[in-house]
Amino acid sequence: MLEDASYTSWKREFHFLDKEAETEYNKMKEKFKGYEIGIYGNNNEEDKFIVWVGNDKLAGKYYFYDRKTGDTKFWPILYPG
């Protein structure tokens with residue numbers, strides 16, 4: 001099912017077609033204030049997600065996000081320095 005459409009202006013913007021998807025996205029945005037986020041994968045039940053978090057100063061980090069509990073778990077660094 002198509003849940004959103006995105007486009008890039010000065011940053012990536014979203015227009016949601018599904019209210020539930022928009023609510024979940026906003027919950028994730030609240031957890032990662034100041035960063036852009038992207039959903040990179042989910043399970044079949046769509047209650048567990050791999051979330052990319054980054055901005056112009058951070059190449060990116062990945063987190064596991066559990067929609068049922070709201071818990072996040074950091075995954076290894078992409079570019080250790």
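Against the list (1) of a type outside the set (S, T, Y); (2) without any contact (Cβ under 8 Å) to a residue 12 or more places away in the chain; (3) surrounded by 10 or more Cβ atoms within 10 Å (Cβ to Cβ); (4) not in a helix (DSSP H, G or I), the condition K29 fails is (4).
Checked against (1) at positive phi; (2) part of a strand (DSSP E or B); (3) of a type in the set (G, A, S), G34 passes all but condition (2). Of all residues in segment 1-49, those satisfying the criterion of being of a type in the set (K, R) and under 22 Å from K61 (Cα atoms) are K11, R12, K27, K29, K31, K33, K48.
Which of the residues spanning segment 26-63 are in contact with a Ser or Thr (Cβ under 8 Å, 6 or more places away or on another chain) and of a type in the set (F, W, Y)?
Y63
Per the conditions (1) in contact (Cβ under 8 Å) with a residue 24 or more places away in the chain; (2) among the small types (G, A, S); (3) more than 21 Å from F64 (Cα to Cα), the sole criterion not satisfied by S6 is (1).
Table: residues versus (1) at pLDDT below 90; (2) in a strand (DSSP E or B); (3) surrounded by fewer than 16 Cβ atoms within 10 Å (Cβ to Cβ); (4) not small (G, A, S).
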{"site": "I39", "(1), (2), (3), (4)": "yes, yes, no, yes"}
{"site": "E46", "(1), (2), (3), (4)": "yes, no, yes, yes"}
{"site": "I50", "(1), (2), (3), (4)": "no, yes, yes, yes"}
{"site": "G54", "(1), (2), (3), (4)": "no, yes, no, no"}
{"site": "G70", "(1), (2), (3), (4)": "no, no, yes, no"}
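The values are calculated or read from the model by the stated rules, or taken from the named source; none is laboratory data. Not measured: the values here are computed from a predicted model. We place every Cβ from the backbone using ideal geometry, glycine too, and count neighbours over all the protein chains shown.
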